[in-house]
Number of protein chains: 2
Amino acid sequence: MEIDKTTELRASVKLVNDRLKFSGEVLNNNPVEIDYISPLGDNDGYTSLELLLLSLSSCVGSAVLTFLRRMQKEISGCEVNARGIRNTSHPTGFKTIYIDFVINSSDVTMDDFDKVLKLAEDSYCPVWAMLKGNVEIITGCNIVKHK
Amino acid sequence: MEIDKTTELRASVKLVNDRLKFSGEVLNNNPVEIDYISPLGDNDGYTSLELLLLSLSSCVGSAVLTFLRRMQKEISGCEVNARGIRNTSHPTGFKTIYIDFVINSSDVTMDDFDKVLKLAEDSYCPVWAMLKGNVEIITGCNIVKHK
C-alpha cells in the first residue's frame, strides 16, 4: 500500500536468528541487518544506536544542504560524521552526540554554516527535535575549499 | 580503529549525488542508502525518520526478547511493526509512534509482555529513553501460539 510519507512513515524489523539479529525493512528498500553487540548478540549488523546516529546525521545533513543551496551556495561534497557517547548506567542511550560536518565548497563560510545549522536545530531537523532535552548535541564543521 | 561499543558508537553519512542522497556507513556493515522524499530528494533510500523507526523497533524488540528469554519463555519468532505519525508543522518529527509486536510463542502471556515492556520503557531501551517526553509511544502485542 502506498502511504503519504509527509504524514506517516512505517518500518518493520523481523527476528532472523535465535539471538538478537533482526532484518529491518521499509517497502522498496534493501533490508538493513541489525544486531546487538556480544554477549547478547553477535555484532553482525547495525546496532539500534548506530541507526539513530545515521538517522540524526542524515536529517541534519539534509536540512543544512537544503538551506545552503537556497542561499545559492556551491556544494561539491558533504560528509557528516557522528559520534555518540553513552550513559554509563541504564538507560544507556547517548549522553552526548558529536556531529561533525565536512563540506566541500568554494563559497560557504562558517557564518553561513552557523546560520543554517540554527535553522536545522530550531525547526527543520525533526530527528534533532525528537531528541531535544534528552541528549546533548554538539556540532562542528570543516569547510574544504577544494575537493 | 576498534572502539568499545558499550561506551561509544560512530556512524557517518556521505552525500552521493547533487540532491539529498547519502550513503550511511558503520565499519564492517553494508552501506545503507538514505534519501529524502520528493521534491527535495528522489525517495531512493530510507528516510531519516524511517531509520529512527528501525532504531526504536529493534531496540525495544531486543529488550523485550532478552527479558522474555530470561523468564525461560520459548520464542520461535518476533516481528516489530512501527508506524510514525508526523506533526503537521515544523519540526515535522513524530507526534506518535505505534509499535506493534507479533510474538510467536507457546507460553508467553500478555502479562509477561506487559511486564517486560515496562522494563524496556523504564530503563532498558535506550532509544525509547532518548525520545521520552518528546514523542508519544503506543505499543501493542499479538501473541501467536503456532508459527
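All of the numbers you see were taken from the coordinates with simple rules; none came from a lab. Treat the numbers as computed from the prediction; the structure is a model and nothing was measured. Cβ: placed from backbone, ideal geometry, glycine included. Neighbour counts: every protein chain shown.
Please compute, for peptide B:65-78, the average count of beta-carbon atoms on other protein chains lying within 10 Å of each residue's beta-carbon.
That average works out to 2.
For A:Lys73, the aspartates and glutamates whose Cα comes closer than 18 Å to its Cα, not counting residues fewer than 8 places off in the same chain, are A:Asp107, A:Asp111, A:Asp112, A:Asp114, B:Asp18.
Less than 13 Å Cβ to Cβ from B:Val135, Lys/Arg counted +1 and Asp/Glu -1: what total charge do the surrounding residues give?
Net local charge, B:Val135 excluded: +3.
Structural descriptor for segment B:1-46: relative contact order 26 percent, calculated from alpha carbon pairs under 8 angstrom and at least 6 residues apart.
Taking the three principal axes of the alpha carbon atoms in segment A:1-46, the coordinate ranges are 40, 15, 14 Å, sorted in descending order. In the elastic network of chain B, a GNM with C-alpha springs shorter than 10 Å, the most mobile of B:Leu20, B:Leu65, B:Leu49 is B:Leu20. Put a dot 7 Å past each Cα toward the Cβ at B:Glu8 and B:Asn28; how far apart are the dots in nm? The answer from the label model is 1.7 nm. Applying the Kirkwood pairwise sum to the alpha-carbon positions of chain B produces a hydrodynamic radius of 17.2 angstrom.
The length gained by stretching the chain between A:Asp107 and A:Lys132 to full extension, at 0.36 nm per residue less their Cα-Cα distance, is 5.9 nm.
Cβ-Cβ distance of A:His90 and B:Asp18, R₀ of 41 Å, FRET efficiency by 1/(1 + (r/R0)^6): the value works out to about 0.40.
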